[in-house]
Amino acid sequence: MSIAIAGERSGVGKTTITLALLAALKRRQQTVQSFKVGPDYIDPMFHSYVTGRACRNLDPILTSPAYVRHCFDRHSQTAECAIVEGVMGLFDGASGTTDAGSTAQVAKLLNVPVVLILNCSSTSRSIAAIAHGYRTFDPELQIAGVILNRVGSDRHLELLTAALLPLHLPILGVLRRRDDISLPDRHLGLIPAGELTDLDRTLDRLADIGET
């Protein structure tokens, strides 16, 4: 199994949800290889902490598309699952006119389906317009489904589900608003894993979420 975790934009919960999936798979004794789009080094620290394997960066700008494919093929073949965490929004990269360096480019290079994370805070029916736009923007991209993050209540979820129903786009997961699983950050991104004293407890909660 190989998937790419993408967001509609930065800050929608890509790393949190990726860690939840990695922790859940690790709890099930699955061998999982993680990857990170771009040159980021902090998120991979968290990945490696969970999986016990080095997270590999996939950056077609600093390396090449051929290297991205080679790196993915080489390191995923020794694992049962491969999860690629994207960067910024799905189509955000080094250009405003192409997908160069974006999660979308990497997903197409690797021919892996995309799971799109949607920030549902402060929206209801409009979520369908966002999802529709992302699914149709690039016909070559395979969006397997969506994960609804920051859902506020049962009623909120009903509205979101009803809005997305006509799109026939699977809802693969739902995360409610929670204060006990946040990963602290500062101006350059998340605080590195080695500086967090309560990380194991947070990852255990994330594993619970990842299994639901």
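Looking at the range 50-129, none of the strands (runs of 3 or more DSSP E) lying wholly inside it contains 2 or more residues that are surrounded by fewer than 21 Cβ atoms within 10 Å (Cβ to Cβ) and among the hydroxyl-bearing types (Ser, Thr, Tyr). Every condition in (1) within 23 Å of Leu116 (Cα to Cα); (2) at pLDDT 60 or above; (3) not acidic (Asp, Glu) holds for Arg201 except the one numbered (1). Cβ-Cβ contacts under 6 Å between residues 6 or more apart (or on different chains), taken from a first residue in the range 1-12 that is over 11 Å from Ala82 (Cβ atoms) to a second residue that is at pLDDT 95 or above and part of a loop (DSSP other than H, G, I, E, B), are listed as Ala6/Leu90.
Does the range 26-49 contain any residue that is small (Gly, Ala, Ser), farther than 22 Å from Lys108 by Cα and crowded, with 23+ Cβ neighbours inside 10 Å? No: zero hits.
Against the list (1) within 30 Å of Arg201 (Cα to Cα); (2) touching a Lys or Arg at 6+ places or on another chain (Cβ under 8 Å), the condition Arg53 fails is (2).
Collect the residues in the range 53-77 that are hydroxyl-bearing (Ser, Thr, Tyr) and within 16 Å of Ile3 (Cα to Cα), keeping them in residue-number order.
Ser76, the sole residue that qualifies.
Which of the residues that make up the range 94-106 are in contact (Cβ under 8 Å) with a residue 24 or more places away in the chain and more than 15 Å from Val146 (Cβ to Cβ)?
Result: Ala94, Asp99, Ala100, Gly101, Ser102, Ala104, Gln105, Val106.
The values are calculated or read from the model by the stated rules, or taken from the named source; none is laboratory data. Please read all numbers here as calculations on a predicted model, not as lab measurements. Cβ: placed from backbone, ideal geometry, glycine included. Neighbour counts: every protein chain shown.
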